[in-house]
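Read through the structure below, which is laid out as structure tokens, and then see the notes.
The values are calculated or read from the model by the stated rules, or taken from the named source; none is laboratory data. Being a predicted model, the structure only gives us computed values, none of them experimental. As a convention, Cβ positions derive from the backbone with ideal geometry for all residues, glycine included, and neighbour counts pool all protein chains shown. The accessibility values were calculated without ligands, DNA or RNA, using every heavy atom of the protein model including side chains. Shrake-Rupley method; radii C 1.70, N 1.55, O 1.52, S 1.80 Å.
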Amino acid sequence: GFSPVVKPANSTAMLFFNCERRLLRESLMPRGIAPPLDVHEVVSKSYDRNPMAFVAGSVLPPSMWRSTPPPTADPREAARLIEAAGGKGARLTLTVPWAVRPYLPRPMAAAEIIRKQLAAVGIDLSIVETKSSDDFMTTLATGRFDLALAGWIADTTDPADYYEALFWSRSIGDENGSNNSRWNDPKTDAALARFRVQPSEENRREIETIVRDEAPLVPLIYGQSTVIHARRLRNVTISPIGILPLNDISM
């Protein structure tokens, strides 16, 4: 008498590049790391059931905006950019959450796939598994990493809030934000301000273009929301950010 419903939730897992690190400061190296990443393979190791439904084509969860397919992996272009940036043979760290996150159901499996994919283009990743929530959050907030597997869970249904948490320069090291890339770019701040005033498709595309071209991070996986319901339940409405008002439910 019960039926499960599984769909993308209000969170996105991302691969963050610490743009304050010397090798990652210029966009050439992050742009080289992004092309060889086969996001489909990362997602397939994260979900057993219908994994392709959770491939992230944007940092915004599908509840906020229509998702688009991620770019196709391009190892040759990656190798060219990495060599041009002087990053061939680089040894970098990849920080991983201490436990399962809503947007990252199998952190170590995802990290191992990313390490394997980047090894193919000459980058040696050392996986650093954090020991606790405090350890993970402190590592991100203080920038003690090169790359990090992390994400963001929506606090509101406003895409402007989501974008600002990830890319606004004032969100660097802020516990209310998640600018783990430590991305400090006046052009991005200006684009965020325009989107805040006028959340149009044109202004959204401007932000997404900056993310694609400058590559402070790579969207990977949408979080999963699973709801089990019965026909006897009535007045069940789940908000876009996953809140279930139990006082409205009747049987």
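Are there any pairs with C-beta distances below 6 angstrom linking a residue in the stretch 80-91 that is closer than 14 Å to PRO36 by Cβ to a residue that is open to solvent by 70 Å² or more (accessible area, probe 1.4 Å), with the two at least 6 apart or on different chains, and if so which?
Final answer for the pair search is LEU81/ARG31; ILE82/LYS88.
Would you say PRO61 is under 22 Å from PHE167 (Cβ atoms) and surrounded by 20 or more Cβ atoms within 10 Å (Cβ to Cβ)?
Numbers: under 22 Å from PHE167 (Cβ atoms): yes; surrounded by 20 or more Cβ atoms within 10 Å (Cβ to Cβ): yes.
Answer is yes for this residue.
Find the residue count for the stretch 134-156, including only residues that are open to solvent by 30 Å² or more (accessible area, probe 1.4 Å) and under 20 Å from LEU220 (Cα atoms). So that I can check it myself, show each step before the final result.
Filtering the stretch 134-156 for residues open to solvent by 30 Å² or more (accessible area, probe 1.4 Å) gives 134-135, 137-138, 141-142, 144, 152-153, 155-156.
Still in the running and under 20 Å from LEU220 (Cα atoms): 137, 152-153, 155.
The total comes to 4.
Any residue in the stretch 176-199 that's free of Cβ contacts under 8 Å to residues at least 40 places away in the same chain and aliphatic (A, V, I, L, M): show its pairings with residues that are open to solvent by 30 Å² or more (accessible area, probe 1.4 Å) and in a helix (DSSP H, G or I) at Cβ separation under 6 Å, as long as the two are six or more apart or on different chains.
ALA191/GLU206; LEU192/GLU164
Looking at ASP213, ASP189, which is the one that is modelled with pLDDT of 95 or more, not polar (S, T, N, Q) and not in a loop (DSSP other than H, G, I, E, B)? Explain how you work it out, then say what you get.
On the way: ASP213 fails: modelled with pLDDT of 95 or more.
ASP189 is the lone residue from the list that is modelled with pLDDT of 95 or more, not polar (S, T, N, Q) and not in a loop (DSSP other than H, G, I, E, B).
Within the stretch 34-58, track down each residue that is aliphatic (A, V, I, L, M) and surrounded by fewer than 18 Cβ atoms within 10 Å (Cβ to Cβ). Please lay out each step first, then the result.
Narrowing the stretch 34-58 to residues aliphatic (A, V, I, L, M): 34, 37, 39, 42-43, 52-53, 55-56.
Scanning the stretch 34-58 gives MET52, ALA53.
Determine, yes or no, whether SER126 is hydroxyl-bearing (Ser, Thr, Tyr), in a loop (DSSP other than H, G, I, E, B) and without any contact (Cβ under 8 Å) to a residue 40 or more places away in the chain.
Numbers: hydroxyl-bearing (Ser, Thr, Tyr): yes; in a loop (DSSP other than H, G, I, E, B): no; without any contact (Cβ under 8 Å) to a residue 40 or more places away in the chain: yes.
The answer is no for SER126.
Give the residues of the stretch 117-133 that are modelled with pLDDT of 95 or more and open to solvent by 70 Å² or more (accessible area, probe 1.4 Å), sorted by residue number.
GLU129, LYS131
Could you tell me which residue of the stretch 49-83 is nearest to ALA154 (Cα to Cα), considering only residues that are modelled with pLDDT under 85 and hydroxyl-bearing (Ser, Thr, Tyr)?
Only one residue fits best here, namely SER63.
Listed residues ALA53, ALA78; which is part of a helix (DSSP H, G or I) and within 17 Å of the chain's Cα centre (by Cα)?
Details: ALA78 fails: within 17 Å of the chain's Cα centre (by Cα).
Of the residues listed, the single one that is part of a helix (DSSP H, G or I) and within 17 Å of the chain's Cα centre (by Cα) is ALA53.
If I filter the stretch 3-21 for residues that are surrounded by fewer than 16 Cβ atoms within 10 Å (Cβ to Cβ) and in a loop (DSSP other than H, G, I, E, B), do I get at least one hit?
First, the residues of the stretch 3-21 that are surrounded by fewer than 16 Cβ atoms within 10 Å (Cβ to Cβ): 3-7, 20.
Checking which are in a loop (DSSP other than H, G, I, E, B) leaves us with 20.
Looking through the stretch 3-21, at least one residue is surrounded by fewer than 16 Cβ atoms within 10 Å (Cβ to Cβ) and in a loop (DSSP other than H, G, I, E, B).
Mind checking which residues of the stretch 52-81 are in contact with a strand residue (DSSP E or B) (Cβ under 9 Å, 6 or more places away or on another chain) and more than 19 Å from SER181 (Cβ to Cβ)?
Within the stretch 52-81, ALA53, PHE54, VAL55, PRO62, SER63, MET64, SER67, PRO69 qualify.
Which condition does THR95 not pass, out of (1) among the polar types (S, T, N, Q); (2) surrounded by fewer than 18 Cβ atoms within 10 Å (Cβ to Cβ); (3) part of a strand (DSSP E or B), if it passes all the others?
(2)
Is it the case that some residue within the stretch 26-33 is hydroxyl-bearing (Ser, Thr, Tyr), outside any helix (DSSP H, G or I) and crowded, with 24+ Cβ neighbours inside 10 Å?
First, the residues of the stretch 26-33 that are hydroxyl-bearing (Ser, Thr, Tyr): 27.
If we keep only those that are outside any helix (DSSP H, G or I) too, we end up with 27.
Remaining after also requiring crowded, with 24+ Cβ neighbours inside 10 Å: none.
Checked against the condition, which is being hydroxyl-bearing (Ser, Thr, Tyr), outside any helix (DSSP H, G or I) and crowded, with 24+ Cβ neighbours inside 10 Å, the stretch 26-33 yields no hits at all.
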